[in-house]
Amino acid sequence: MIQLLFALLAAEAALALSLLFRTPARRLALLALDRAKRGRGPVMARTVAATMLLVLASSGYSVAKIRRRAGELGQLTPTDQVLASRHLLEASLMGYSLFLGLIIDRLHHYIRELRTMKKNMEAVTKQSRTLEEAKLGGAEEIQGYQKEIASLKEQVQILKDQSQKKTEELKTAEANSVALQKQSEGLLMEYDRLIAENGDLRNQLQSIDLRMSHSDWKKNL
């Protein structure tokens, strides 16, 4: 029993030391503890711990009983001394073993939590970097859009100026067309008047010719 407790205590001490320092043995120890805590492992560990507590209590009761009997007799017999020392050693070994088991469990738990926190921190850091890159890319895209909008505004302004010039030219052309139309109407009226005057002159000439021919005819008679 004592040899088994010494072996258990040495194994627990080695396991606790491997968990304290970052070495390849630490990874193996974590894997072993992870597998041990799966399935029925926690139930078996609690059963063993409860059994050891019962044995520890029994050893403590035996030591107290021996001392009480020594108080009644006045001194311990060699057999009682050996038994008391044996029970005390077993109780001490079992107490140390339970204490180391609790330390190992807490170390394993805190190491796992620390690794989870590191992974979460790395994920948050990557996400923040991605967001910053996205913000920078978005700012560059916004600047590009702003430049495109400015160039489009300039083009729109140029087109407006051209449209205004074309409108003014069109108005000028319309005014010139109206003036030419009025001028052509005046020319047509003048042409009609000249034709009418020409007709009057022809009529007058014809009447003069008739008179002259009539007067010549009278002279000949």
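The values are calculated or read from the model by the stated rules, or taken from the named source; none is laboratory data. A quick note: this is a predicted structure, and the numbers were derived from the prediction, not measured. Because the Cβ atoms are built from the backbone with ideal geometry, glycine has one as well, and the counts that use them run over all protein chains shown. Side chains included, ligands, DNA and RNA excluded: accessible areas come from the protein's heavy atoms. Shrake-Rupley method; radii C 1.70, N 1.55, O 1.52, S 1.80 Å.
Observations
- When each of 88, 131 is tested for being touching a Ser or Thr at 6+ places or on another chain (Cβ under 8 Å) and open to solvent by 80 Å² or more (accessible area, probe 1.4 Å), the lone residue that passes is 88.
- Among the residues of segment 15-31, those identified as without any contact (Cβ under 8 Å) to a residue 24 or more places away in the chain and open to solvent by 60 Å² or more (accessible area, probe 1.4 Å) are 17, 21, 22, 23, 24, 27, 28, 31.
- Cβ-Cβ under 6 Å pairs, at least 6 apart or on other chains, segment 43-59 side over 15 Å from residue 5 (Cβ atoms), far side open to solvent by 80 Å² or more (accessible area, probe 1.4 Å) and aliphatic (A, V, I, L, M): none
- Segment 105-122 residues that are within 16 Å of residue 18 (Cβ to Cβ), paired with ones that are open to solvent by less than 90 Å² (accessible area, probe 1.4 Å) (beta carbon under 6 Å, 6 or more apart): 107/19; 108/33
- Against the test of being modelled with pLDDT under 80 and in a helix (DSSP H, G or I), the options 203, 176 yield a single qualifying residue, 176.
- Pairs linking a residue in segment 1-14 that is more than 9 Å from residue 96 (Cβ to Cβ) to a residue that is modelled with pLDDT of 80 or more, with Cβ atoms under 6 Å and 6 or more positions apart or on different chains, are 8/97.
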